Amino acid sequence: MASRVSLKAGKGKVVRKSAAADEEESSVAAAGKFVKEWSTWAMKKAKVVTHYGFIPLVIIIGMNSEPKPSLSQLLSPV
């Protein structure tokens with residue numbers, strides 16, 4: 001029978017961190033939180049822009065193509 005490896009905290013040597021290391025970790029954690037919040041905000045805005053901007057973009061590209069179709073030809077399913 002194989003022995004199990006335990007990864008429980010509390011066993012082994014306890015290492016104390018300095019105040020500078022704690023401050024550095026907290027600034028890194030704050031920066032990470034800021035990046036996460038900013039990226040979430042940016043993705044939400046990009047989703048809205050894509051949702052409302054895709055169809056008008058297709059119509060504009062279609063109107064500028066050769067031969068120039070009428071708007072009714074662009075919007076008809078045939």
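Values computed for the structure shown
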quantity	calculated
Some residue of segment 51-66 being acidic (Asp, Glu) and in a helix (DSSP H, G or I)	no
Residue within segment 39-47 that is part of a helix (DSSP H, G or I), touching a Leu at 6+ places or on another chain (Cβ under 8 Å) and either surrounded by 10 or more Cβ atoms within 10 Å (Cβ to Cβ) or in contact (Cβ under 8 Å) with a residue 60 or more places away in the chain (or both) present	no
Subset of segment 67-78 that is open to solvent by 100 Å² or more (accessible area, probe 1.4 Å) and either assigned to a helix (DSSP H, G or I) or polar (S, T, N, Q) (or both) - its residue that is modelled with the highest pLDDT	GLN73
Condition check for GLU25: among the charged types (D, E, K, R) and at pLDDT below 90	yes
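The values are calculated or read from the model by the stated rules, or taken from the named source; none is laboratory data. As the structure is a computational prediction, the values presented were derived from the model and not from experiment. Counting neighbours? That spans all protein chains shown, and the Cβs are built from the backbone with ideal geometry, glycine included. Side chains are part of the model used for accessible areas, which takes the heavy atoms of the whole protein and leaves out ligands, DNA and RNA. Shrake-Rupley method; radii C 1.70, N 1.55, O 1.52, S 1.80 Å.
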